[in-house]
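Take a look at the following structure, please.
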Ligand SMILES: Cc1cc2nc3c(=O)[nH]c(=O)nc-3n(C[C@H](O)[C@H](O)[C@H](O)COP(=O)(O)O)c2cc1C
Ligand code: SF4
């Protein structure tokens with residue numbers, strides 16, 4: 001992962017912990033409504049893909065264990081990992097694109113309800129993404145993947161060259177010569193792996209996204225409702241389809257790109273269709289970027305506009321993230337796919353303990369607070385969830401008291417210690433296992449390996465915890481009994 005050149009090291013600390021009585025009065029532990037759904041407290045476990053689904057996208061016992069473990073900490077809400085809305089093979093990513101996924105998802109909602117004893121509300125993050133392929137072997141690229149065109153023949157100086165000969169000659173060119181002969185898209189396909197963009201208007205299915213997306217998201221949301229979730233989080237963040245529509249890099253000329261209001265159009269259409277199709281007691285919100293953190297990407301003025309537009313449209317909550325884009329991702333190794341958390345924008349999404357003068361804690365607070373302020377200035381009070389490096393009570397409570405956000409999200413801290421909110425609430429904050437922000441977990445995510453935390457995965461499984469197939473790592477945090 002990219003790291004800021006300053007390389008300043010930071011350490012998360014427990015901070016001052018409240019007594020049980022103080023905690024009871026703290027804003028963090030007061031209820032909040034996300035539209036029709038009441039959270040018992042303002043604590044939130046954001047979506048985290050743990051790579052525990054089957055290769056066909058079904059819920060497994062390991063998926064159940066993972067969410068049960070978070071549920072035992074009784075946060076106000078848990079958002080289930082990014083879950084694919086299409087009925088297409090997506091590797092071991094959880095899926096909700098067909099009714100056959102419902103029994104597993106139902107088991108999941110039951111398990112969370114039981115494990116939290118009804119204290120935690122459960123949402124699921126709905127994701128769509130465009131095709132991305134692994135970086136090819138150059139030989140395979142030139143012999144099979146590249147579509148040979150007359151432009152290649154012209155560039156090679158012989159318009160009548162047979163296709164096989166074009167392939168052989170291209171294979172023999174130097175990097176510099178290839179830069180002259182291949183289009184930017186072809187070069188990217190060779191050096192990074194082929195990747196579709198929302199601006200690929202020559203592809204019918206990309207051109208038709210404004211027609212296909214609302215129905216696909218709405219079908220998935222209806223399934224989520226049938227499976228017993230309390231709501232959905234539409235994934236409008238990071239490197240995926242809807243975030244790409246919102247991005248300032250979206251230059252589509254069909255009314256869904258260019259100006260801010262056009263870029264917001266499809267995300268608003270999707271929300272409207274989802275809202276129309278689900279019950280009124282089902283929460284619908286989205287996760288979007290407070291800043292894209294890429295050159296030429298959306299900035300605060302754009303995202304404030306989006307936040308207000310989403311609130312005006314009636315979203316029940318807004319959860320912010322930052323960065324996490326393909327645009328500045330590192331070149332993957334041959335045989336690997338680009339990963340949107342390897343560049344500077346990836347760092348902004350999951351900042352590590354080695355950082356710059358701003359440090360890794362709360363980098364998304366200021367832009368999130370600006371979005372929230374604009375929503376309030378517009379006369380609305382849509383709750384806003386802020387996430388990013390938040391790891392102790394003092395920090396979380398300050399954000400709430402200063403009206404920077406309404407709900408506090410903590411992903412890695414909750415992975416390090418799924419009971420941390422509960423421990424604080426019970427006045428046992430000194431026993432919290434604090435995240436070191438090393439991004440060991442994120443490294444596993446990158447390799448699509450089961451995500452675990454280095455603070456507990458080497459401990460024995462004397463509490464019956466399941467382990468990774470090689471037996472080396474626990475799959476869930478050790479049990480904690482208050
Ligand atoms: C292993 C892992 C998987 C993640 N998966 C998702 C995801 O599915 N959807 C999403 O919106 N964010 C995902 N994130 C980002 C987190 O939700 C969160 O925004 C980020 O880790 C920063 O918050 P933190 O500092 O509290 O960890 C993931 C993060 C990690 C570490
Ligand atoms: S592995 Fe554990 S300690 Fe390290 S960043 Fe992830 S959650 Fe934090």
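The values are calculated or read from the model by the stated rules, or taken from the named source; none is laboratory data. Since the model is a prediction, treat every value here as computed from it, not as a measurement. Virtual Cβ from ideal backbone geometry, glycine too; neighbours counted across all protein chains shown.
Return the residues of segment 329-352 that are surrounded by fewer than 24 Cβ atoms within 10 Å (Cβ to Cβ), over 15 Å from residue 132 (Cα atoms) and more than 11 Å from ligand 1 (Cβ to nearest atom); say none if nothing qualifies.
Residues satisfying the conditions are 342, 343, 344.
Residues being away from ligand 1 (no atom under 16 Å from the Cβ) and either buried (at least 23 other Cβ atoms within 10 Å of the Cβ) or not assigned by TED's automatic domain parsing to the domain that holds residue 59 (or both): count how many of those fall in segment 97-111.
Of the residues in that region, 1 qualify.
Output the residues belonging to segment 188-214 that are closer than 21 Å to residue 251 by Cα and part of a helix (DSSP H, G or I). Show your work before the answer.
To start, the set of residues in segment 188-214 that are closer than 21 Å to residue 251 by Cα comprises 188-189, 194-214.
Of everything in segment 188-214, those that are closer than 21 Å to residue 251 by Cα and part of a helix (DSSP H, G or I) turn out to be 188, 189, 204, 205, 206, 207, 209, 210, 211, 212, 213, 214.
Can you name every residue in segment 275-302 that is farther than 20 Å from residue 43 by Cα and in contact with a helix residue (DSSP H, G or I) (Cβ under 6 Å, 6 or more places away or on another chain)?
Selection gives 277, 278, 291, 293, 294, 300, 302.
Examine segment 229-240 for a residue that is away from ligand 2 (no atom under 16 Å from the Cβ), surrounded by 17 or more Cβ atoms within 10 Å (Cβ to Cβ), more than 30 Å from residue 119 (Cβ to Cβ) and in contact (Cβ under 8 Å) with a residue 12 or more places away in the chain, and state whether such a residue exists.
Within segment 229-240, one or more residues are away from ligand 2 (no atom under 16 Å from the Cβ), surrounded by 17 or more Cβ atoms within 10 Å (Cβ to Cβ), more than 30 Å from residue 119 (Cβ to Cβ) and in contact (Cβ under 8 Å) with a residue 12 or more places away in the chain.
Kindly indicate whether residue 387 is more than 16 Å from ligand 2 (Cβ to nearest atom), crowded, with 20+ Cβ neighbours inside 10 Å and modelled with pLDDT of 95 or more.
Values: more than 16 Å from ligand 2 (Cβ to nearest atom): no; crowded, with 20+ Cβ neighbours inside 10 Å: yes; modelled with pLDDT of 95 or more: yes.
So residue 387 fails the test.
Let's see how each residue does on (1) modelled with pLDDT of 95 or more; (2) touching a helix residue (DSSP H, G or I) at 6+ places or on another chain (Cβ under 6 Å); (3) not assigned by TED's automatic domain parsing to the domain that holds residue 121:
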| residue | (1), (2), (3) |
| --- | --- |
| 206 | yes, no, yes |
| 218 | yes, yes, no |
| 240 | yes, no, no |
| 246 | yes, yes, no |
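Within segment 67-78, identify whether any single residue is in a strand (DSSP E or B), within 27 Å of residue 215 (Cα to Cα) and touching a helix residue (DSSP H, G or I) at 6+ places or on another chain (Cβ under 7 Å), and answer yes or no.
Restricting attention to segment 67-78, the residues satisfying the condition of being in a strand (DSSP E or B) are 77-78.
Next, from what is left, pick out any that are within 27 Å of residue 215 (Cα to Cα): 77-78.
After this cut, where a residue has to be touching a helix residue (DSSP H, G or I) at 6+ places or on another chain (Cβ under 7 Å) as well, the list is 78.
Yes, because at least one residue in segment 67-78 is in a strand (DSSP E or B), within 27 Å of residue 215 (Cα to Cα) and touching a helix residue (DSSP H, G or I) at 6+ places or on another chain (Cβ under 7 Å).
Does segment 450-465 hold any residues that are surrounded by 14 or more Cβ atoms within 10 Å (Cβ to Cβ) and farther than 24 Å from residue 362 by Cβ, and which are they?
Residues of segment 450-465 surrounded by 14 or more Cβ atoms within 10 Å (Cβ to Cβ): 450-457, 461, 465.
450, 452, 456, 457, 461, 465, listed by residue number.
Residue-wise test of (1) over 30 Å from residue 152 (Cα atoms); (2) out of contact with any strand residue (DSSP E or B) (no Cβ under 9 Å at 6 or more places or on another chain).
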{"position": "188", "(1), (2)": "no, no"}
{"position": "208", "(1), (2)": "no, yes"}
{"position": "212", "(1), (2)": "yes, yes"}
{"position": "236", "(1), (2)": "yes, no"}
{"position": "243", "(1), (2)": "yes, no"}
{"position": "253", "(1), (2)": "no, yes"}
{"position": "258", "(1), (2)": "yes, yes"}
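Just for segment 434-445: of the residues that are surrounded by fewer than 18 Cβ atoms within 10 Å (Cβ to Cβ) and part of a helix (DSSP H, G or I), which one is nearest to ligand 2 (Cβ to nearest atom)? Walk me through it before giving the result.
Step one: filter segment 434-445 for residues surrounded by fewer than 18 Cβ atoms within 10 Å (Cβ to Cβ), giving 434, 438, 440, 443.
Going one step further and asking which of them are part of a helix (DSSP H, G or I), we end up with 440, 443.
Details: 440: 4, 443: 8 Å.
This residue is 440.
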